[in-house]
Amino acid sequence: MGLGGSWDTSSLSKAQQKQADNVLETAINEGIRHFDHADIYTFGKAEQAFGSYLKRNSSLREKLFIQSKTGIVLKAGPLNSSIYNLSKPYVLRQVDQILKRLSIDYLDALLFHRPDPLTSMEALAETVQLLKESGKVKRFGVSNMSASQIQLLQSYLKEPLFSNQIQFSLAHAFLLDLEVWVNRQESPKEAGLSDLLAYSQKNKLSIQAYSPLAQGKYRKKEIREDQETFTLLAELAEKYNTSISGILLAWLWKIPADIQPIIGTTNLQRIQECTAATEINLSREEWYALWILANGKKLP
Ligand SMILES: NC(=O)c1ccc[n+]([C@@H]2O[C@H](COP(=O)([O-])OP(=O)(O)OC[C@H]3O[C@@H](n4cnc5c(N)ncnc54)[C@H](OP(=O)(O)O)[C@@H]3O)[C@@H](O)[C@H]2O)c1
């Protein structure tokens, strides 16, 4: 999402391509093989920049897992709002454009970016079938959907969905809150997320955690209310010889579910810090202390 520069219809500049080349080279050198795109990211320029890099490094294609998402139409509604479109003609057209921008013949996976109330899950399943038969997409996943929406879509599909991409970090851990605040006055109201963690595990969907670095919320200078969380993050970063980004990822990986953080940093050093964090194993006490402080309240 951070490649390609500005979110407008301007064309990709040489400097933006250079930035993308540097980010991709660092990520690949660090062992990252899974890349997440969406047709909307920087209005297609992120995919275009990736495609250009791949064209110049074509032997990489088979070694990478390349996924993209579709279903959001940016600024197509009033108030500059996006609208959603998962209709068959729209999705088929978008997939063709995604493949062209990425300079590839097939996607390892396509994710439906958000639910579209005007497309039934039954109709969406027909589109999935067409894309599968065409060979243009190998696997399918969803994003920002509830467990019952995923279940409904799955009921029409021949093959299992493989992943659910959802916002998940120490700063945004509603998925976990819903696991413990069961039947309480103060239960979180995000009913749509209910049991998503359990559902995903039962049905063997990986959880692609987006915004896993909390979009830089815990950067040093900007800490205001969350001082205690920041202090503990900083202490743990020192203890484990990593950065705050490393601890944020280690916190996600400690959860016994198939969690794949989708990092959005384009900072070369931060990419390295993130990949180095795979070895960190926080203690139970450290993990809970972070969660409680970030939530700002006692567990029930
Ligand atoms: N499915 C969806 O609806 C959805 C929504 C949003 C994102 N995504 C996907 O998830 C990916 C990650 O999302 P994200 O970018 O929101 O997640 P993120 O990795 O939590 O945040 C990355 C952003 O935070 C900044 N940042 C992180 N740590 C920082 C620090 N310590 N100090 C300063 N800045 C820091 C990064 O700046 P630097 O580049 O300078 O490090 C970058 O702008 C996206 O690229 C996209 O592929 C999906």
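The values are calculated or read from the model by the stated rules, or taken from the named source; none is laboratory data. These numbers were taken from a predicted model, which means no experiment stands behind them. Please note: Cβ atoms are built from the backbone with ideal geometry, for glycine as well, and neighbour counts cover all protein chains shown. These accessible areas exclude ligands, DNA and RNA; they are computed on the full protein's heavy atoms, side chains included. Shrake-Rupley method; radii C 1.70, N 1.55, O 1.52, S 1.80 Å.
Tell me which trypsin sites (Lys or Arg not before Pro) from the stretch 95-175 have a DSSP coil assignment and no more than 14 other beta carbons within 10 Å of their own. Walk me through the numbers on the way to the answer.
Details: sites: K100, R101, K132, K136, K138, R139, K158; in loops: K136, K158.
When the trypsin sites (Lys or Arg not before Pro) of the stretch 95-175 are filtered for loop state and at most 14 Cβ neighbours within 10 Å, K158 remain.
Ordering T266, T278 by how much accessible area each has at a 1.4 Å probe, largest first, what is the list? Could the numbers behind the result be given before it?
Working: T266 50, T278 80 Å².
Highest to lowest solvent-accessible surface, that is T278, T266.
Can you give me the distance in nm between label points at E179 and L299, each placed 7 Å from the Cα along the Cα-to-Cβ direction?
1.0
For the charge dipole of the chain, defined by +1 on Lys and Arg C-beta atoms and -1 on Asp and Glu C-beta atoms about the Cα centroid, which residue among S146, L268, V91 has the Cα displaced farthest towards the positive pole?
V91
Check K69: other-chain or 5+ apart residues with amide H under 5 Å from its amide H, H built from backbone geometry?
Correct list: H37, A38, D39, L111.
Taking only the Cα atoms of the chain, how large is their convex hull per residue, in Å³?
On the way: hull volume 45.6 nm³, N = 300.
Spelled out: Cα convex hull of the chain, divided by residues, is 152 Å³.
Would you mind giving the average projected area, over all directions, of the Cα convex hull of the stretch 1-118 in nm² with one decimal?
For the Cα atoms of the stretch 1-118, the hull's average projected area reads 7.6 nm².
Karplus couplings for the stretch 121-135 from phi (6.51 cos²θ - 1.76 cosθ + 1.60, θ = phi - 60°), rounded to Hz, Gly and Pro as x?
Along the stretch 121-135, the couplings run 5, 5, 5, 5, 4, 5, 5, 4, 4, 4, 5, 5, 5, 6, x Hz.
At R0 = 35 Å, how high is the FRET efficiency between L92 and L60 if r is their beta carbon distance? Nearest 0.05 is fine.
Values: r = 27 Å, r/R0 = 0.77.
Efficiency, from the Cβ-Cβ distance: 0.85.
So what is the relative contact order of the chain, in percent, for Cα pairs below 8 Å that sit 6 or more residues apart?
15
Place a label point 7 angstrom from the Cα of E126 along the Cα-to-Cβ direction, then list the residues of the stretch 60-87 whose backbone nitrogen is under 13 Å away.
87
Determine, from the Cβ-Cβ distance of Q201 and A76 and an R0 of 41 Å, the FRET efficiency 1/(1 + (r/R0)^6), rounded to the nearest 0.05.
That pair, Q201 with A76, gives E of 0.70.
Out of residues 5 or more away from G264 or on other chains, whose amide H comes under 5 Å of its own, with H placed 1.01 Å from N in the peptide plane?
L213
Of all chymotrypsin sites (Phe, Trp or Tyr not before Pro) in the stretch 1-45, which ones are in loop regions per DSSP and have a Cβ with at most 14 other Cβ atoms within 10 Å?
Loop-located and lightly packed - none at all.
State to the nearest 20 debye the size of the charge dipole of the chain about its Cα centre, where the only charges are +1 on K and R beta carbons and -1 on D and E beta carbons.
So the dipole magnitude of the chain works out to roughly 640 debye.
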